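Quick notes on the structure that follows.
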Amino acid sequence: MHSSLVEQLREALIAADGHPEQNAEPVMRRISPLSTAESRQQIINEVLADITGLGALQRYVDDPAIHEVMVVSGRHVWVEDADGIRATEPLAPGQFDVIVERLLRRAGRRIDHISPTVETRLPSGARVCAVIPPIAVDGGVLCIRRFSDAVLPIAAFCDDAIADVLQYIVDARLNVVVSGPTSSGKTSLMASLGTLINPRDRVVTIEDTAELRIQQPHVVRLEARPENSEHVGAIGLDHLVRTALRLRPDRLIVGEVRGDEVVDMLTALSTGHDGSWTSVHSNGVANTMTRLETMFLRAVPNIDIMAVRHLIYNAIDVVIHLGKTNKGSRHITDIVELSKNDDQHRLIVHNGAFVGQFRER
């Protein structure tokens, strides 16, 4: 009976004029007048997901407990929640192409064999990355990462003693780099640190894809723009950093530095924009410093590396490094203070335990 009603409603909505969302309820009442409101809504949701939404993926995208939805080889579906990654029911043949086409149509983007990769953002804020053959050798790949509006408490990353250190870092307006490997919680930690900011501060955030939720009253959010199908119109993070400096920020937050924007960001932080933050993808504190140096040298190849290192140590006060346990929980492993005087650093927290103190300021 259920599958019969699903098919009847699907055919009726496809044949009807107007919006399926508006027609669904009256059509469902007509074809199944004795159904309960709950069962009617279940069938409506299933059909609308199939003909206007993301098909079999829609329920996972709508589930607040799901962090990430992944499709491999154009069919196999995996989801990640608080318990880790698990496989779910595979997509029907041909459904991958339909889902990707709908996602990109909403965003005004396209993907084809000439440009077989695309990144975009859904209206909900979820980040989408799609790859198709020939780049994806075994079939299409899709990743949808959801971002919750809820901000984790600081206690989700550390104990009370380290939480007090984080409050000191924010209150003292120290410039911070949050580092860590993939999915270690860098963006989540910066959002949590945002709850410690003075509400009077004007915060300007800059991101490739707007994910960061700073829960304060005076926040300006800037987002980079990729080039269009004619390969024009791109606005990169380096441009947005320069723009943000003209918007009178009390705090400047760059979601993640990956390229040339590191030059403008470090220059700004070394010339008085205290209390600013960014994040870097890295496997440790030493790797974080190397990554910053490498990005700078790629952008300005003829500069002396010692000058770059000195600029980094003048711009950044603290590196907070995150790790991820085998069970998927994220926690602060290291906090390091950088010294402007001798381009050295000292450990404050190592492997989650105190090993030093901040110098007097």
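The values are calculated or read from the model by the stated rules, or taken from the named source; none is laboratory data. What you are looking at is a predicted structure, and each value in this text was computed from that prediction instead of being measured. Note that each Cβ is placed from the backbone with ideal geometry, even for glycine, and that neighbours are counted across all protein chains shown.
Points to keep in mind about this one:
- Residue match in region 73-92 (condition: part of a loop (DSSP other than H, G, I, E, B), over 24 Å from Val137 (Cα atoms), more than 23 Å from the chain's Cα centre (by Cα) and among the hydrophobic types (A, V, I, L, M, F, W, C)): no
- Close pairs (7 angstrom Cβ cut-off, 6 or more residues apart or separate chains): without any contact (Cβ under 8 Å) to a residue 60 or more places away in the chain and within 22 Å of Asp149 (Cα to Cα) in region 170-194, outside any helix (DSSP H, G or I) and hydrophobic (A, V, I, L, M, F, W, C) anywhere: Ala191/Val151; Ala191/Leu212; Ala191/Ile214; Ser192/Val151; Ser192/Leu152; Ser192/Phe157; Gly194/Ile214
- For Arg225, the stated conditions do not hold, so it cannot be described as surrounded by 18 or more Cβ atoms within 10 Å (Cβ to Cβ) and modelled with pLDDT under 90.
- Candidates Asp81, Asp159, Asp62 - the one that is among the charged types (D, E, K, R), in the same structural domain as Arg225 (by the TED database) and out of contact with any Ser or Thr (no Cβ under 8 Å at 6 or more places or on another chain): Asp159
- Any hit, region 275-292, residues being surrounded by 13 or more Cβ atoms within 10 Å (Cβ to Cβ), in contact with an Asp or Glu (Cβ under 7 Å, 6 or more places away or on another chain) and in a helix (DSSP H, G or I): yes
- Filter pass, Asp342 being assigned by the TED database to the domain that holds Ser183, of a type in the set (D, E, K, R) and crowded, with 18+ Cβ neighbours inside 10 Å: no
- Summed over region 268-280, residues that are under 27 Å from the mean Cα position of the chain (by Cα) and at pLDDT below 95 total 5.
- Unmet requirement for Leu142, which otherwise passes all of (1) modelled with pLDDT of 90 or more; (2) in a loop (DSSP other than H, G, I, E, B); (3) within 18 Å of Asp62 (Cβ to Cβ); (4) not hydroxyl-bearing (Ser, Thr, Tyr): (2)
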